[in-house]
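Below: the structure, in structure tokens.
The values are calculated or read from the model by the stated rules, or taken from the named source; none is laboratory data. Bear in mind the structure is a predicted one, so any value in this text is a computation, not a measurement. Backbone-built Cβ (ideal geometry, glycine too); neighbour counts: all protein chains shown. Just so you know, the surface numbers come from the protein's heavy atoms only, side chains and all, with ligands and any DNA or RNA stripped out. Shrake-Rupley method; radii C 1.70, N 1.55, O 1.52, S 1.80 Å.
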Amino acid sequence: METLRDILDGAARGVFPPPDGRTTVVPQMSRRDAGVLNFTAHAVVFLDEDPDWVYAQLRRVDCDMYSAPTHPAFLTALLEHTGRTAETVDAMLVAQPREGELPLPLREITDAGHPRVAYARKRRDDVRVWRADGGVLVLGRGIGRRLEVSVEVDESVRGRGIGRQLVDAARYLAGEPVWAQVAPGNARSQRAFLAAGYLPVGSELLMLSAG
């Protein structure tokens, strides 16, 4: 059986699920992470639930099969049934690792009580955080144990390309594909990731455990 990690590794290489309008249901890889990934004409629900139940909820949605996996009615049914919460449907991007010199100086933050470290550990494992002049870079293992990046740019230096340099730096630190989730309305962040060579591969909804 194809696992969530198999699907993610394939997408990182540009090999996607077939664009047949279907939804694949696979088990969670961790108790913390469940959700819905949407690729071109194919969705993946990673959830420890009877697949027949998931497909029944999809059939109840009054829309075409391509839109059903991200329809509010379907997502609400998942959240209510599991007791989980969610924030937003994000764009999902990925970039390959790079070799060479970092595009800007970084110093690693090892203080476990740092706000960025504490926040990241709620969503990811094996979290590491670096500080640059003007921003913070976070790497950690999230959905399917993939390596995920997030950044925070100081308000005083926004618009100077610091965000692009930070997400670019993640590719030099990684040694493997780096994934990112960006709110569709955050055009500034999307432009930074695209300029740093990240490619959009789909969308995702992360369902957060109440515990």
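Determine the sum of side-chain charges near Arg124: Lys and Arg each +1, Asp and Glu each -1, restricted to other residues whose C-beta is under 11 angstrom from that of Arg124.
+4
Roughly what angle does helix 72-82 make with the longest principal axis of the chain, taking Cα atoms, 0 to 90 degrees, to the nearest 10?
Approximately 90 degrees, to the nearest 10.
Note down the relative contact order for the chain as a percent, whole number, built from C-alpha pairs under 8 angstrom at least six residues apart.
Reported as a whole number, the value is 27 percent.
What net charge do the residues around Met207 carry, taking every other residue with its C-beta under 9 Å from that of Met207, with Lys and Arg at +1 and Asp and Glu at -1?
Neighbour charge sum, excluding Met207 itself: 0.
Per residue, how much accessible surface does region 4-139 expose to a 1.4 Å probe? Answer in Å², no decimals.
54
Counting Lys and Arg as +1 and Asp and Glu as -1, what is the net charge of the other residues whose Cβ lies under 11 Å from the Cβ of Gly100?
That works out to -1.
Suppose every K and R has +1 on its Cβ and every D and E has -1 on its Cβ; what is the size of the dipole of region 119-178 about the Cα centre, in Debye to the nearest 20?
Value, rounded to 20: 220 debye.
Contact order normalised by length for region 1-95, with contacts defined as Cα pairs under 8 Å and 6 or more residues apart; what percent is it?
For region 1-95, the relative contact order is 22 percent.
Would you rank Arg188, Arg146, Arg13, Arg123 by solvent-accessible area, highest first, keeping every protein chain in place and using a 1.4 Å probe?
Heavy-atom accessible area, descending, gives Arg13, Arg188, Arg123, Arg146.
Sort Tyr172, Tyr66 by accessible area with a 1.4 Å probe, largest first.
In descending accessible area the options line up as Tyr66, Tyr172.
Could you run the Karplus curve 6.51 cos²θ - 1.76 cosθ + 1.60 with θ = phi - 60° over region 43-49 and give me ³J(HN,Hα) per residue in whole Hz, x for Gly and Pro?
Rounded to whole hertz, the list is 10, 10, 9, 9, 7, 7, 8.
Whenever you get a sec, compute what percent of the accessible area on region 87-211 sits on carbon and sulfur atoms (1.4 Å probe).
The nonpolar share, carbon plus sulfur, comes to 47 percent.
Considering only DSSP states other than H, G, I, E and B, which GluC sites (Glu not before Pro) in region 88-176 qualify as loop sites with at most 12 other Cβ atoms within 10 Å?
Here the GluC sites (Glu not before Pro) that fit, given the DSSP loop and packing criteria, are Glu99, Glu101.
Mind checking the angle between helix 162-174 and the chain's longest principal axis? C-alpha axes, 0 to 90 degrees, to the nearest 10.
80
Among Asp154, Asp6, what's the order by accessible area (1.4 angstrom probe), most exposed first?
So, going from the largest accessible area down, we get Asp6, Asp154.
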